[in-house]
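The values are calculated or read from the model by the stated rules, or taken from the named source; none is laboratory data. Since the model is a prediction, treat every value here as computed from it, not as a measurement. FYI the Cβ positions are ideal-geometry reconstructions off the backbone, even for glycines, and counts take in every protein chain you see. For accessibility, only protein heavy atoms count, side chains too; no ligands or nucleic acids. Shrake-Rupley method; radii C 1.70, N 1.55, O 1.52, S 1.80 Å.
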Amino acid sequence: MGDTAASPPDPLLHPKRRRRPLRGLMQRSEAIRAYILMSPTLVVMTLGIVIPFAILITISLWTAQGFGFDTSLTLNNYAQANEQPIYNALLFRSLKMSGLATVATVLLSYPMAYYVAFHVKRNKMMWIVLMTLPFWTSYLLRVFAWKVVLGYEGVINSGLLATGLIDKPLEFLLYSQSAVVITLAHAWAAFAILPLYVSLEKIDRSLLEAATDLGDGPVMRFLRVTLPLSLPGVISASLLIFIPTTGDYITPALLGGPDGTMIGNLIQLQFGPVNNWPMGATLSIILMLWIAGLALVFLFLTQLAKKKLT
Amino acid sequence: MTNDAFISVRNVKKMFGSFQAIENISIDIAHGEFFSLLGASGCGKTTLLRMLAGFENPTSGEIYIDGQPMSDVPPHERPVNIVFQNYAIFPHLNVRENIAYGLRKQKLPRAKRNEMVDEMLDLIALPGYGDRKATELSGGQRQRIALARALILRPKVLLLDEPLGALDKQLREQMQLELRALQRTIGITFVFVTHDQEEALTMSDRIAVMQGGKLLQLDTPTGLYETPHNREVASFIGTMNFFDGVVTAESGSDLTIDTKGLGEIVAPKRQTTYGVGDVVQVAIRPEKLQMADAHDPEAAHSVSGFLQNAAYLGERSHFYVTIDGVERPVAVSSQNINGSGTGFDQPRKVWLNWRKDVAVVL
């Protein structure tokens, strides 16, 4: 029978592979698989971050003219921002204040996170929830709450008056830089506690015992093992607080007074009452560059510190 | 406390809440001894080790190391170092920094410190590994680094908490020999915690067998294996056949025991205080029983039974023999000396012969 030789191969022995090029590609390349998995995020990030950012940069190169914009591209705004002392003063004040708030928050949150990670045996979750409790109310409410606490006839002042420690209310409490720093530190505490807790909780307890066994007392053990191993938490907590607080404008607007005004208030003014969008965009970008630069310096310094500690 | 005791554990008890982890243990360990704490998990061996290191404090009793009471000495000031079960290698440091970790207090010049680390790296057979990251090491290497990190401080006592448990069989056997050799070379006291009886027998000068927080027996490997003091030790170390019986006569150093199945047998009295009429158990190791086709007139004792099954294991074979009146089949082990097997591979009637002094009365 001559036709047997030409008959198609037994489908059971040689099941025909359906060609699926995309699938084959995914199978072969891990990078492509990763990009496909990331694609929804990438789309959102492009639409929500890259495009607005491009628009912001473009606007910052325009010039405000009356109620409209001169759309010819120029760096005049940047030059102006650099020359006007008020812009730089507000910028550095913002960086200083949020820097202070960041340091205060991390320093205050670290012991709390440490306590929950190392000394709470049961109900850790409850402790975490309790610590993040302030976060459950709106940001605005928290700011107002501090207004009540720090105000001229607020909790602190009336308490001190009642005990006779002072005879007239302390005025520096409210509408000052310290009021802004205190409020920011409290409002953002949850952002510090959580990463700090996670990084501390991850530390293998036997490493601490090993350090003790090798001759370190509690302080040296903390400096040589606990702190370096929790540095990732410290870094992320610091960045998580520093970056958003620098541009914050609600707290300084409500609690800052003239002394406590920050760059965020100025930017808001440019986009609002002043109606100088190009200058607002310029200031935003300058602020972003400063934050990015400082974050890089901070990362570099922590790396250096890590080397020094060990 | 005896005079040559280097570590002395005196009437130590340890409670965790209402749970008694250690029940009144006293142990003396000599200088330069390789001492093992052996027991199943939860027997208290690790708790005892951690008390030596200072991570736990005895609820009552006292631990002396080199003549000094240790109650008020915090772990970082004790003359002991520990190798942890998971090695506890610092992940943020490289190998050199890990090994040199404990040298900080000695304030040595960098060159001297590096020299000491290099010496340790040679000792643990990992020369040139100083700049490796701790995260790039295999289990066996981590174990050695942990050992080097402890030994570089020249501790008076090295504590080892199941340091070989995570290694595969071949590496473990190699490390057992290396550890033992190392201990002989440097001559410091090792206290070794393990649940592996073979490991304990291979390595130790003396072994403390623990169960439920109690010390069952403290003896040399030979002593534990050949003359266990109780049934727990006898069955924990190796395989053991037990026969129930009653003491019928006492003569000098021997006891005559009427056992179910084996009949009247004579066994050495040893440390037991049994007298006529006491209900006892006679224990005989599988390899002490010789299997034969016939009754051996030379042997002190002889009993017939039925060979149930045989397992050929290469260098030796295991047999199970049922004897009338004995509840469980008797385990017999024999070396395969000749090249043609044992000849006992089919179920059939056999004789078991043994010498008088191999039976242990419990």
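If I model the protein assembly as shown as equal point scatterers sitting on the Cα atoms and use the Debye formula, what is log10 I(q)/I(0) at q = 0.08 Å⁻¹?
Normalising to I(0) and taking log10 leaves -0.88.
Let me have the 222 nm mean residue ellipticity of the protein assembly as shown computed from DSSP H runs of 4+ only, each contributing -39500 (n - 2.57), with the sum over all residues rounded to the nearest 500.
When only DSSP H runs of four or more count, the value is -13000 deg cm²/dmol.
How big is chain B on each of its three principal axes, counting only the C-alpha atoms and giving the largest first in Å?
Projected onto the principal axes, the Cα atoms of chain B cover 76, 50, 35 Å.
Could I have the simple spin-label model distance between A:MET126 and B:GLU178, label points 7 Å from Cα toward Cβ, reported in nm to one decimal?
So the label points at A:MET126 and B:GLU178 sit 4.9 nm apart.
If you build a Gaussian network model of chain A, linking Cα atoms that sit under 10 Å apart, which residue out of A:GLU209, A:GLU30, A:GLU153 swings the most?
Comparing A:GLU209, A:GLU30, A:GLU153 in a Gaussian network model of chain A, the most mobile one is A:GLU30.
Just the number, please: buried accessible area between A and B, total of both chains, 1.4 angstrom probe, nearest 100 square angstrom.
Answer for the A-B pair: about 1900 Å² buried.
Quick one: the Cα spread of segment B:137-237 along its three principal axes, in angstroms, biggest first?
42, 29, 24
Need one number: % antiparallel among DSSP beta bridges in segment B:119-244, to the nearest 5.
Beta bridges within segment B:119-244, antiparallel portion: roughly 50 percent.
Suppose we take every Cα in segment A:199-281 and form the convex hull; what volume per residue is that in Å³? If you can, show how the numbers build up before the last one.
Working: hull volume 10.9 nm³, N = 83.
Each residue corresponds to 131 Å³ of Cα convex hull volume.
List the pairs from A:LYS124/B:LYS14; B:LYS169/B:LYS260; B:LYS169/B:LYS214; A:LYS124/B:LYS105; B:LYS107/B:LYS133; A:LYS147/A:LYS202 whose alpha-carbon separation is above 32 Å, in the order I gave them.
With Cα atoms farther than 32 Å apart: B:LYS169/B:LYS260; A:LYS124/B:LYS105; A:LYS147/A:LYS202.
In whole percent, and with a 1.4 Å probe on the protein chains, what portion of the accessible area of chain A is carbon and sulfur?
70 percent
Can you give the Kirkwood hydrodynamic radius for chain A, in Å, rounded to one decimal and based on Cα pairs?
Averaging 1/r across every pair of different Cα atoms and inverting gives 24.1 Å.
What per residue convex hull volume, in Å³, comes out for segment B:92-139 when only alpha-carbon positions are used?
Looking at segment B:92-139, the number lands at 79 Å³ per residue.
For the residue pair A:ILE32 and B:GLN290, what label-to-label distance in nm results when each label sits 7 Å from Cα along the Cα-to-beta-carbon direction?
Reported label-point gap for A:ILE32 and B:GLN290 is 7.5 nm.
Which aspartates and glutamates, if any, have their Cα less than 18 Å from the Cα of A:LYS121, not counting same-chain residues under 8 positions apart?
A:GLU201, A:ASP204, A:GLU209, B:GLU56
Treating the angle as unsigned and between 0 and 90°, give the value, to the nearest 10°, between the Cα long axis of helix B:139-151 and the longest Cα principal axis of chain B.
70 degrees
Under a no-solvent Debye model with one identical scatterer per Cα of segment B:239-361, what's log10 I(q)/I(0) at q = 0.13, 0.15, 0.23 Å⁻¹?
Log-scaled intensity ratios, in q order: -0.51, -0.67, -1.34.
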